[in-house]
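Undergrad: This is the structure, below, for whatever I ask next.
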Amino acid sequence: MKLVMLWTDMLVWSLVIVLFVWSWVVSRNPQVKKTWHRIFKSNIAMASSVVLLFYLLFTLLDSIHLRLALPLEAQKSEVVAYEVEMVSLLDLIFEHNIQNTERTYSAPFATVEYASSIVVDEHGVTKQVYLPLKYVSTKDDLIQESLFALGVGFAVALLLVFLHILKREKSRFILACKEIIRGESDLPWRTAYGTFILLVVAFTWLYLLSYSYHVLGTDKVGGDVLYQSFKSIRTGVLIGILTTLIMLPVAVILGVSAGLFGGWVDDVIQYLYTTLSSIPGVLLIAAGVLSMQVMMDNNPTWFETTLERSDLRLLFLILILGITSWTGLCRVLRAETLKISQMEFVTAAKAFGVSKLTIIRRHIVPNLMHIILISVVLDFSGLVLAEAVLSYVGVGVDPTMHSWGNMINQARLEMAREPMVWWSLFSAFVFMFILVLAANLFSDRIQRVLDPRNKT
Amino acid sequence: MLAYIIRRILYAIPILIGVNLITFMLFFMVNSPDDMARAQLGAKQVTPELIQSWKEERGYDKPLFVNTQAEGFAQVSDTLFVKESLKLFTFDFGFSDSNRDIGSDIKERMMPSFSIALPTFMIALITNISLALLLVLFRGSMLDTSMMIVAVMIMSVSGLFYIIAGQVLFSKIWHWVPISGYESGWDGVKFIILPVMIGVFAGIGSGVRWYRSIFLEQINQDYVRTARAKGLSELKVLFGHVLRNGMLPILTGVVVIIPSLFMGSLIMESFFGIPGLGSYTIDAINSQDFAIVKAMVFLGSVLYIIGLILTDISYTLFDPRVKLS
């Protein structure tokens, strides 16, 4: 087994490191810690952040790529040979679903194919039959298996919850449990654990049944829709957070320097963002992606496998989205910096001869934090939704990559079928909806706590 | 007033030159015309002659900025940048890859786009504002909180879902309206009802939240308290004071998009088969027709800048405090 890092993998993991460092820094500042405590002091915030963490977990699982060693008999020499194709940890978890590819469409939990096919039987008679699916259990024990899966899921979830409580409150475990059940704990842990148990139970149910059924059906070439939906999580989350990661430094540096230095610096930066923002967003993205496509077509040496190709394309798409989306935040940050830099404490700092860099670090950036945070969370849900639209327009991620946009795009063509092939659409929309809803609710909460206009 | 408008228009010119430069960089400098030709013709049987003729057909065989072979003024004017980018200022969009005049195509397709976008915009504006006023009237009540939750949910669903669900329900199952198509004049109403309704519904979540927050910001102001103290009814306060003072932030967000309505909506038009500028752009993207995409980028920026100028002018009309300077 050999670990391989794709470009986007590296970005994801560096983001995780940044997040850890940031939360460590935050946890040392009692004031900021208090603000976060206030954010989480709401049922909705707790529940939605558990959902977001769940999605993040799948993203991280899907961001560890391996190249497995070839089986022993295929090894030619002492040097271990590896397979060409990369698999992620998530692929390993869903390995049975990748291999159990059917011939074509089948409905969720179906045992036969969706469309009838014409076969000639042993008597030479042609007839229309629904061919049975290859990888579906013929035992009719759906309910029994479901109950088993639900039980396992519940037990596992409960165990994890208890472990977490034990870790948090080692000395007063029983008391803490009681508090949580009555809903009297400091933070609304009851909601968080409830959401967690719900998610784990739902996942184990889907996962265990996926061994004997195609829980969400199969697509045109017989691929399992459940697996595709889970694979798409990475694409959606990546576009949501990495774009912000790229656009944030640009917006902050340009916005702060425009507001603080004024003069020609301000003029140039204002000109830059007015120009960029006057081009309609989709068109600018389309123009960027089109020229990127030409560039990639002419440089086939940049990537070796299709996975690397689609990864590179995702990276470029994220870059383009980042370039097109920094203008809004930059404008707000410039105005706010202008306001802060005229306040007394900044004037005092200037009079004391504090260097500009220290003023920015000590006085300006901390006062901009709430704007930055709000815009990061707000942009996230917009970007996840935008991915689907961009894939539809034809300037989204690579068509070979799993994404909700591609799933919708492919399923859309089957709308005219009678009866409809609805499950691909349905799964993509539901997976997307849960993520976006959680992000929207969480950003609402952050906005309510952090936005000074809401203080009355 | 006139002097102000003229000055604003002059300000727009450097921005448009910037837009021009960006598109020029994207289409000609990131990839040379040779690369484009190779990608368009397909990698297999490309010969230098084919590339040369492809470039000549489109006039892409000139140098980027400085033509050393020409003399005098032609050194600058006979280049790709002047010929392909700056000429957009005269609204001469040139010809598409399928050899159609882009300018006349755009003129022809503007109206279908507008006939969808304008009703959507008007109906959305009216419903969103009246719903927001209703919620502000009953602020803090069960109605308010539950409607806000519904609004977040509406926001969280992909716009594609509304289109697909709408088409399936109203056209495929109930057969109320045709699934797609377009006709000009009053006969075309049956085609535009569904896209307009879907457009309004998809935007209702974010719209109502936005207007509500604007009105709530006004309602905590002192003048509202004074109005109430005078004994005005809550309805009169709402319509006479809150709505009127809320107009200013609403104008900022609304006027700027009015000119862009001509551009139409990419997804809506292609799903409903409306021959507008949105579907034109999508087709161009799918067939990698750079000339059309370039023209649309420029047109979109021009319309947006017109919107910005209109916003400033409307300020002076609605807010006596704003002086032209």
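Undergrad: Looking at segment B:211-227 only, could you name the residues that are surrounded by 14 or more Cβ atoms within 10 Å (Cβ to Cβ) and either over 36 Å from the mean Cα position of the chain (by Cα) or within 13 Å of chain A (Cβ to nearest Cβ) (or both)?
TA: Applying the first criterion (surrounded by 14 or more Cβ atoms within 10 Å (Cβ to Cβ)) to segment B:211-227 yields B:211-219, B:224, B:227.
Within segment B:211-227, B:212, B:213, B:214, B:216, B:217, B:218, B:219, B:227 qualify.
Undergrad: Could you pull out the residue among B:308, B:277, B:303 that is more than 9 Å from chain A (Cβ to nearest Cβ) and under 28 Å from residue B:8 (Cβ atoms)? Before the answer, list the steps.
TA: Values: B:308 fails: more than 9 Å from chain A (Cβ to nearest Cβ); B:303 fails: more than 9 Å from chain A (Cβ to nearest Cβ).
Checking each option against the conditions leaves just B:277.
Undergrad: Out of (1) crowded, with 22+ Cβ neighbours inside 10 Å; (2) within 10 Å of another protein chain (Cβ to nearest Cβ); (3) in a helix (DSSP H, G or I), what's the single condition that is false for residue A:407?
TA: (2)
Undergrad: From the set of residues in segment A:272-290 that are within 26 Å of the chain's Cα centre (by Cα), facing chain B (nearest Cβ under 7 Å) and among the small types (Gly, Ala, Ser), which is surrounded by the most Cβ atoms within 10 Å (Cβ to Cβ)?
TA: A:287
Undergrad: Restricted to segment B:228-270, and to residues that are surrounded by fewer than 16 Cβ atoms within 10 Å (Cβ to Cβ) and of a type in the set (S, T, N, Q), which residue is farthest from the other protein chains (Cβ to nearest Cβ)?
TA: B:233
Undergrad: Does residue A:105 satisfy being hydroxyl-bearing (Ser, Thr, Tyr) and under 18 Å from residue A:209 (Cα atoms)? Even if it seems obvious, please write down each step before you answer.
TA: Numbers: hydroxyl-bearing (Ser, Thr, Tyr): yes; under 18 Å from residue A:209 (Cα atoms): no.
No, not satisfied.
Undergrad: Being assigned to a helix (DSSP H, G or I) and farther than 14 Å from residue B:129 by Cα is the filter here; which residues of segment B:209-225 pass it? Walk me through it before giving the result.
TA: At the first step, the residues of segment B:209-225 found to be assigned to a helix (DSSP H, G or I) are B:209-219, B:222-225.
Correct list: B:217, B:218, B:219, B:222, B:223, B:224, B:225.
Undergrad: Checking residue A:397 against (1) crowded, with 23+ Cβ neighbours inside 10 Å; (2) part of a helix (DSSP H, G or I): exactly one of these is not met. Which one?
TA: (2)
Undergrad: Same structure again: Return yes or no: is residue A:242 open to solvent by less than 10 Å² (accessible area, probe 1.4 Å) and not charged (D, E, K, R)? Outline the logic, then answer.
TA: Working: open to solvent by less than 10 Å² (accessible area, probe 1.4 Å): yes; not charged (D, E, K, R): yes.
The answer is yes for residue A:242.
Undergrad: Out of all the residues in segment A:251-271, is one or more within 14 Å of chain B (Cβ to nearest Cβ), crowded, with 16+ Cβ neighbours inside 10 Å and under 13 Å from residue A:324 (Cβ atoms)?
TA: For segment A:251-271, residues within 14 Å of chain B (Cβ to nearest Cβ), crowded, with 16+ Cβ neighbours inside 10 Å and under 13 Å from residue A:324 (Cβ atoms): absent.
Undergrad: Run residue A:306 past the list (1) at pLDDT below 85; (2) over 30 Å from residue A:105 (Cβ atoms) and report the number of the one that doesn't hold.
TA: Every listed condition holds for residue A:306 apart from (2).
Undergrad: Sticking with this structure for a sec: If a residue has to be farther than 17 Å from residue B:36 by Cβ and either at pLDDT below 70 or open to solvent by 50 Å² or more (accessible area, probe 1.4 Å) (or both) to count, how many in segment B:53-86 make the cut?
TA: The total comes to 15.
Undergrad: Looking at A:442, A:429, can you tell me which residue is more than 30 Å from residue A:254 (Cβ to Cβ) and within 14 Å of another protein chain (Cβ to nearest Cβ)?
TA: After ruling out the rest, the residue left standing is A:429.
Undergrad: List the pairs whose first member sits in segment A:351-371 and is within 20 Å of residue A:332 (Cα to Cα), whose second member is open to solvent by 80 Å² or more (accessible area, probe 1.4 Å) and of a type outside the set (A, V, I, L, M, F, W, C), and whose Cβ atoms are under 8 Å apart, counting only residues at least 6 apart or on separate chains?
TA: Partner pairs satisfying both residue conditions: A:359/A:350.
Undergrad: Please state which of the following conditions residue B:169 fails to meet, knowing it meets all the rest: (1) within 14 Å of another protein chain (Cβ to nearest Cβ); (2) open to solvent by less than 60 Å² (accessible area, probe 1.4 Å).
TA: Every condition holds for residue B:169 apart from (2).
Undergrad: May I pose another question? With the checklist (1) surrounded by 19 or more Cβ atoms within 10 Å (Cβ to Cβ); (2) touching a strand residue (DSSP E or B) at 6+ places or on another chain (Cβ under 9 Å); (3) under 30 Å from residue A:115 (Cβ atoms) in hand, flag the one item residue A:222 doesn't pass.
TA: Condition (1) is where residue A:222 drops out.
Undergrad: With the requirement that a residue be surrounded by 22 or more Cβ atoms within 10 Å (Cβ to Cβ) and in a helix (DSSP H, G or I), what does segment B:271-284 give you? I'd like the intermediate steps shown before the answer.
TA: Quick first cut of segment B:271-284, residues surrounded by 22 or more Cβ atoms within 10 Å (Cβ to Cβ) only: B:271-272, B:274, B:276-281, B:284.
Hits for segment B:271-284 are B:271, B:277, B:278, B:279, B:280, B:281, B:284.
Undergrad: Just a yes or no: is a residue in segment A:332-355 surrounded by fewer than 21 Cβ atoms within 10 Å (Cβ to Cβ), within 23 Å of residue A:279 (Cβ to Cβ) and in contact with a Ser or Thr (Cβ under 9 Å, 6 or more places away or on another chain)?
TA: Yes, the conditions are met somewhere in segment A:332-355.
Undergrad: Return the residues of segment B:180-210 that are among the acidic types (Asp, Glu) and surrounded by fewer than 13 Cβ atoms within 10 Å (Cβ to Cβ); say none if nothing qualifies.
TA: B:187
Undergrad: Among (1) within 26 Å of residue A:312 (Cα to Cα); (2) in a helix (DSSP H, G or I); (3) open to solvent by 30 Å² or more (accessible area, probe 1.4 Å), which single condition is residue A:430 missing?
TA: Failed condition: (1).
The values are calculated or read from the model by the stated rules, or taken from the named source; none is laboratory data. This is a predicted model, so every value here is computed, not measured. When we count neighbours, we look across all protein chains shown, and the Cβ atoms used for this are built from the backbone with ideal geometry, even at glycine. We work out accessible area using only protein heavy atoms, side chains counted, and drop any ligands, DNA or RNA first. Shrake-Rupley method; radii C 1.70, N 1.55, O 1.52, S 1.80 Å.
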